[in-house]
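A.B. asks: One structure, pasted below without further comment.
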Amino acid sequence: MKQASRIGLFGGTFDPIHRGHLQAAAAVRSRFRLDRVLFIPSKTPPHKRRPDMASAADRLAMVESAVWGRRGLEASSVEVKSSRTSYSINTLAKIRKMFPGSRLFFILGADAFLEIKTWREWRRVLDQCVFVVITRPGSSLRAARAVLEPEYRGRTAAVRKTTDIDARIRAGRTILFFRIDALPVSSTEIRRKVRGGLPIGGLVPAGVAARIRLGKLYQG
Ligand code: ATP
Ligand code: MG
């Protein structure tokens, strides 16, 4: 029997997408043996709105340019083209319809996981897919795990070099903490640099830097 395809979902504002995102997605894809990772830029992020935010179309275009030619990394317009604000619970339902029978892995940084209890129907979101919580400089996996009540802690596991991930999942460990060599890069830093006229070449792929320049994004 053909194995179910394994799909990683990596949501975010991606304002703009940067090398930290790409490196994290590639590390998870390889360790979790995912067929692909979908970057899903949000439309109107419920928790953060800024005046200098790039449009959804620009953020999606930057993601498309960044994943171009990178094996197993793809852009998804599912949230951007939705008519309403996207909540993860709705996005998951849509992705399930698009990829019936696939196994979904929801990827997010430890900083983002700290907010999970503010998500709409967060318990159902946690119940519906495997969570992969990754490190990023400045936020610890321990702090991320601590936001969970004891009833959920029994569903967590750390993914180490020798961990048999699928066996852990079969045993009901569906909230997995995965330490990566995360790059110390954030979109906030990139926007600040662009505003200050500083180079961002090492932080984003060339195509993304070009789009920022040509679209005059993040200038003020
Ligand atoms: P901002 O500074 O605007 O918040 P960001 O760099 O945090 O931008 P987001 O779009 O907010 O990027 O993040 C999307 C997802 O990527 C989140 O789950 C976040 O934790 C994760 N992430 C962002 N940067 C990194 C990084 N350098 N390494 C690992 N994960 C990251
Ligand atoms: Mg962020």
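Every read-out reported here was derived from the displayed coordinates using simple, explicitly stated rules and does not represent laboratory data. Quick caveat: nothing in here was measured; it's all calculated off a predicted structure. Glycine gets a Cβ as well: all are built from the backbone with ideal geometry, and neighbour counts include every protein chain shown.
A.B. asks: Please give the per residue volume of the convex hull enclosing the alpha carbon atoms of region 56-153, rounded to a whole number of Å³.
C.D. replies: 131 Å³
A.B. asks: Separation between the residue 152 and residue 213 pseudo-spin-labels, each 7 Å from Cα along Cα→Cβ, expressed in nm?
C.D. replies: That separation, rounded to one decimal, is 4.3 nm.
A.B. asks: Could you pull out the pairs from 43/161; 117/193; 97/161; 81/216; 161/193 whose alpha carbons sit more than 29 Å apart here?
C.D. replies: The pairs that break the limit, which is 29 Å between Cα atoms, are 43/161; 117/193; 97/161; 161/193.
A.B. asks: Against the longest alpha carbon principal axis of the chain, how many degrees, from 0 to 90 and to the nearest 10, is the axis of helix 19-31 turned?
C.D. replies: The two axes meet at around 20 degrees.
A.B. asks: Reported to two decimal places, what Rg/Rh ratio describes region 6-214 when computed on Cα atoms with Rh from the Kirkwood expression? Please report the intermediate quantities before stating the final value.
C.D. replies: Numbers: Rg = 16.6 Å, Rh = 17.5 Å.
Rg/Rh for region 6-214 comes to 0.95.
A.B. asks: If you count the DSSP beta bridges with both ends in the chain, what percent of them are antiparallel, to the nearest 5?
C.D. replies: Bridges in the chain that DSSP calls antiparallel: roughly 5 percent.
A.B. asks: Still on this structure, I have one more. So how much slack lies between residue 19 and residue 160, counting 0.36 nm per residue of separation and subtracting their Cα-Cα distance, in nm? Intermediate values should be presented prior to the final figure.
C.D. replies: Working: separation 141, 0.36 × 141 = 50.76 nm, distance 2.33 nm.
Gain on stretching residue 19 to residue 160: 48.4 nm.
A.B. asks: Still on this structure: Could you grab the relative contact order for region 6-214? Cα pairs under 8 Å, six or more apart, rounded to a whole percent.
C.D. replies: 25 percent
A.B. asks: Here's another thing I want to ask about it. Determine which residues of region 203-220 fall in the zone a paramagnetic label at residue 188 would reach in this model, i.e. backbone nitrogen under 20 Å from the point 7 Å along Cα→Cβ.
C.D. replies: 203-204, 218-220
A.B. asks: Set the Förster radius R0 to 41 Å, insert the Cβ-Cβ distance between residue 169 and residue 57 as r into 1/(1 + (r/R0)^6), and round the FRET efficiency to 0.05.
C.D. replies: Using R0 = 41 Å, I get an efficiency of 0.65.
A.B. asks: Which trypsin sites (Lys or Arg not before Pro) from region 1-98 combine a DSSP loop assignment with at most 13 other Cβ atoms within 10 Å?
C.D. replies: In loop regions of region 1-98 (DSSP not H, G, I, E or B), the sparsely surrounded trypsin sites (Lys or Arg not before Pro) are 2, 33, 48, 49, 71, 81, 84.
A.B. asks: For region 119-218, run through the trypsin sites (Lys or Arg not before Pro) and keep only the ones in DSSP coil with at most 11 other Cβ atoms within 10 Å of their Cβ.
C.D. replies: Sites meeting the loop and neighbour criteria: 160, 161, 216.
A.B. asks: Compute the acute angle (0 to 90°) between the alpha-carbon long axis of helix 56-67 and the principal axis of greatest extent of the alpha-carbon atoms of the chain; round to the nearest 10°.
C.D. replies: Helix 56-67 sits at roughly 70 degrees to that axis.
A.B. asks: I've got another one for you. Mark the label point 7 Å from the Cα of residue 122 along Cα→Cβ and return the residues of region 172-203 whose backbone N is within less than 19 Å of it.
C.D. replies: Answer for region 172-203: 174-178.
A.B. asks: Placing unit charges on C-beta atoms (Lys and Arg positive, Asp and Glu negative, everything else neutral), compute the dipole magnitude of the chain about its Cα centre in debye, rounded to 20.
C.D. replies: 180 debye
A.B. asks: Go ahead and estimate [θ] at 222 nm for the chain from helices alone: -39,500 (n - 2.57) per DSSP H run with n ≥ 4, summed, over the residue count, rounded to 500.
C.D. replies: Result for the chain, helices only: -10000 deg cm²/dmol.
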